[in-house]
Amino acid sequence: RVPINEVIEHIVDLPCKKREGQLRFVCPVCSEHNTATNPKTNLARCFRCRRNFNPIDMVMVVRGTDFVEAVKYLKGYL
């Protein structure tokens, strides 16, 4: 239920910018900026390392937590 753009911009606070109507962010895996989000599917993708992220995955990678801890963390923002 938490929008991926909200996770990137405000919850895990990754460096990001809006460009051509798309949110671009620094990939937490490879540190590249070749990324995009899709609000319709609520997913983010890095085209450099070919990694897809949903909101839970994003929290797990950025905060270094497991699935349960990431869900608990996100629940604090609902």
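Run the simple label-point estimate for His33 and Asn54 please: 7 Å along Cα→C-beta, distance reported in nm.
Between His33 and Asn54, the label points sit 3.0 nm apart.
Less than 26 Å apart at the alpha-carbon level, and either on another chain or at least 8 residues along: which lysines does that give for Lys72?
Lys40
Modelling each spin label as a point 7 Å along the Cα-to-Cβ direction, I'd like the Glu20/Tyr73 distance in nm, to one decimal.
3.0
Leaving out ligands, DNA and RNA, what percent of the accessible area of the chain is carbon and sulfur, probe 1.4 Å? Please list the in-between numbers first.
On the way: 2350 of 5040 Å².
Heavy-atom surface of the chain belonging to carbon and sulfur, 1.4 Å probe: 47 percent.
Normalised by the number of residues in the chain, what is the relative contact order in percent for Cα pairs under 8 Å and 6+ residues apart?
Once normalised by length, the contact order is 25 percent.
Taking only the alpha carbons of the chain, what extent do you get along each of the three principal axes, in Å, biggest first?
32, 22, 20
Rank Phe47, Thr65, Asn5 by how far each Cα sits towards the positive end of the charge dipole of the chain (+1 on Lys, Arg Cβ; -1 on Asp, Glu Cβ) and give me just the farthest.
Phe47
Could you state the accessible area per residue of the chain in Å², with a 1.4 Å probe and every protein chain left in place?
Normalised by residue count, the accessible surface of the chain is 65 Å².
Given charges of +1 on the Cβ of Lys and Arg and -1 on the Cβ of Asp and Glu, with all other atoms neutral, how large is the dipole of the chain about its Cα centre, in debye to the nearest 20?
In debye, rounded to 20, the chain gives about 240.
Which value in deg cm²/dmol, rounded to the nearest 500, describes the helix-derived mean residue ellipticity at 222 nm for the chain, given -39,500 (n - 2.57) per DSSP H run of n ≥ 4 and division by the residue count?
After summing the helix terms and dividing by residue count, I get -6500 deg cm²/dmol.
So which lysines can Lys75 reach, going by Cα to Cα under 16 Å and dropping same-chain residues fewer than 8 places off?
Output for Lys75: empty list, no partners.
The values are calculated or read from the model by the stated rules, or taken from the named source; none is laboratory data. Note that the structure is predicted; figures quoted are calculated from it, not measured. Here Cβ is always computed from backbone atoms with ideal geometry, including for glycine, and neighbour counts include all displayed protein chains. Remember, those area values only see protein heavy atoms, side chains included, never the ligands or the DNA or RNA. Shrake-Rupley method; radii C 1.70, N 1.55, O 1.52, S 1.80 Å.
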